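One structure, pasted below without further comment.
The numbers here are math on the coordinates, done by the rules we state, and not lab data. Note that the structure is a prediction, hence the values are computed from the model and not measured. Here the Cβ positions follow ideal geometry from the backbone for every residue, glycine too, while neighbour counts run over all protein chains shown.
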Amino acid sequence: MKIVGCDLHTRYQQVAMVDTETGELVERRLEHESGEARRFYVGLEAPVRVGIEATGPTRWFERMLAELGHELWIGDAAQIRAAMVRKQKTDARDAAHLLDLLLSGRFPRLWRPTMAERDLRQLVWHRQKLVWMRVAVSNQLHALAMGEGVCRKKKLFTEKGRVELEGLKLDPWAGRRRQELLRLLDQLDASLAELDGAVAEQAKQSQAAVLLMTHPGVGPVTSLAFVLTLGPGGTIRAQQAGGELPGIESARAFLGRTATVGFDLQTRQSDDAFAVSRSRTHGGAIGCRVTARLSAIQAAPGQWRG
């Protein structure tokens, strides 16, 4: 078996590889754009295990290794750094350190979602981006109406309120702005209706998401986002109780905001898209309650009545 410690960068990578059968050690710097990195991994005979630190732009690398049949381990960057005795960093030393952790069985491996699950994350993330865009458009229309002495809040977007908004006498450029904002609002409404249906359908296909939707205040968006972020219930450390998440980005990093469970995220006015956050106060308590419910159901199917 070949074990590869890989210090992955955007344009290149430094690898330290050992063949466990022959004991041969290889250390190389591989460029990405020239195709040198791909040729290196294509030339390796299975089985191959590659270890890297958790970092951002790894999708292409994960996909390439999966196509070649190689195993990829992604490790907690903070724990990898803490395990290094000598603090001076170089690419070669980092790659050798990763290799040492892999060989000694101390590599802090993290859970990673499948490529299909990561694509579903794009669905949830895209929907949330459109929600924020819709809120921005709505706020601009509110400002135009209030400038003319009309304050209807949410009623501005009812059928009656829209007629009133379209009937306001505005200056030429303000009128054009109103017209184009209303057109954008209609387009966003249509897109969000389609995405809401897709999210609801995907949530129904996930057993864990269906179970989470039995929790008060949790709908398809929250449940699907929770499942795609936390993954299997076993990946949550009991002592962390759903606070800091081992294996993936926190929900705050995923959506950029702190969420609340009691808020119905099925409405498109929502700014907070997850019922989990990295905080140990509100988000930790939410993660603890929902995860405890899910774990109890999984442990005793058919017996849960809470």
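For the condition farther than 30 Å from SER223 by Cβ and surrounded by 13 or more Cβ atoms within 10 Å (Cβ to Cβ), what is the one hit in LEU195, LEU170? Break it down into steps so the answer makes sense when it comes.
Numbers: LEU195 fails: farther than 30 Å from SER223 by Cβ.
It is LEU170.
Can you name the residue in segment 93-120 that is under 25 Å from THR229 (Cα atoms) and assigned to a helix (DSSP H, G or I) and is also nearest to the chain's Cα centre (by Cα) among such residues?
ARG118
Scanning for something more than 27 Å from the chain's Cα centre (by Cα) and part of a helix (DSSP H, G or I), does segment 82-92 turn up at least one residue?
Taking every residue of segment 82-92 in turn, at least one turns out to be more than 27 Å from the chain's Cα centre (by Cα) and part of a helix (DSSP H, G or I).
Let me ask something else. Which condition number does SER223 fail, the rest of (1) over 27 Å from LEU123 (Cβ atoms); (2) hydroxyl-bearing (Ser, Thr, Tyr); (3) surrounded by 15 or more Cβ atoms within 10 Å (Cβ to Cβ) being met?
Just one mismatch for SER223, condition (1).
Among (1) in contact (Cβ under 8 Å) with a residue 24 or more places away in the chain; (2) under 30 Å from GLY51 (Cβ atoms); (3) of a type outside the set (Asp, Glu), there is one condition THR114 misses while meeting the rest; what is its number?
Only one criterion in (1) in contact (Cβ under 8 Å) with a residue 24 or more places away in the chain; (2) under 30 Å from GLY51 (Cβ atoms); (3) of a type outside the set (Asp, Glu) is unmet by THR114, namely (1).
Here is a follow-up. If we scan segment 62-74, do we find a residue that is out of contact with any helix residue (DSSP H, G or I) (no Cβ under 9 Å at 6 or more places or on another chain), closer than 30 Å to GLN202 by Cβ, in a strand (DSSP E or B) and among the charged types (D, E, K, R)?
Kept after step one, since they are out of contact with any helix residue (DSSP H, G or I) (no Cβ under 9 Å at 6 or more places or on another chain), are these residues of segment 62-74: 67, 69.
Keeping just the survivors that are closer than 30 Å to GLN202 by Cβ gives 67, 69.
From what's left, in a strand (DSSP E or B): none.
Scanning segment 62-74, I find no residue that is out of contact with any helix residue (DSSP H, G or I) (no Cβ under 9 Å at 6 or more places or on another chain), closer than 30 Å to GLN202 by Cβ, in a strand (DSSP E or B) and among the charged types (D, E, K, R), so the answer is no.
Among the residues of segment 36-48, which ones are charged (D, E, K, R) and closer than 20 Å to HIS9 by Cβ? Walk me through how you get there before you give the answer.
Residues of segment 36-48 that are charged (D, E, K, R), as a first pass: 36, 38-39, 45.
Selection gives GLU36, ARG38, ARG39.
Give the number of residues within segment 100-126 that are acidic (Asp, Glu) and farther than 18 Å from ALA209 by Cα. Steps first, please.
Taking segment 100-126 and keeping what is acidic (Asp, Glu), we get 100, 117, 119.
Checking the rest, the ones that are also farther than 18 Å from ALA209 by Cα come to 100.
Number satisfying all stated conditions: 1.
Considering only residues that are within 14 Å of ARG109 (Cβ to Cβ) and assigned to a loop (DSSP other than H, G, I, E, B), which ones fall in segment 41-61? Talk me through it step by step, then tell me what you get.
Just the residues of segment 41-61 that are within 14 Å of ARG109 (Cβ to Cβ), to begin with: 49-54.
Residue satisfying the conditions is ALA54 alone.
Just wondering, is there one or more residues in segment 214-232 that are assigned to a helix (DSSP H, G or I) and out of contact with any Leu (no Cβ under 9 Å at 6 or more places or on another chain)? Spell out how you get there, then give the answer.
So in segment 214-232, the residues assigned to a helix (DSSP H, G or I) come out as 220-230.
Now narrow it down to the ones that are out of contact with any Leu (no Cβ under 9 Å at 6 or more places or on another chain): none.
No, every residue in segment 214-232 fails to be assigned to a helix (DSSP H, G or I) and out of contact with any Leu (no Cβ under 9 Å at 6 or more places or on another chain).
What are the residue pairs meeting all of these: first residue in segment 202-228, first residue over 18 Å from GLN128 (Cβ atoms), second residue of a type in the set (D, E, K, R), Cβ atoms under 7 Å, and 6 or more apart or on different chains?
Final answer for the pair search is VAL210/LYS204; HIS215/ARG293.
Looking at (1) under 29 Å from GLY219 (Cα atoms); (2) exposed (fewer than 11 other Cβ atoms within 10 Å of the Cβ), which is the only condition MET133 fails?
With respect to (1) under 29 Å from GLY219 (Cα atoms); (2) exposed (fewer than 11 other Cβ atoms within 10 Å of the Cβ), MET133 is out only on (2).
Okay, next question. Could you list, in sequence order, the residues of segment 25-40 that are aliphatic (A, V, I, L, M) and not in a strand (DSSP E or B)? I'd like the intermediate steps shown before the answer.
Of segment 25-40, the ones aliphatic (A, V, I, L, M) are 25-26, 30, 37.
Hit for segment 25-40 is ALA37, nothing else.
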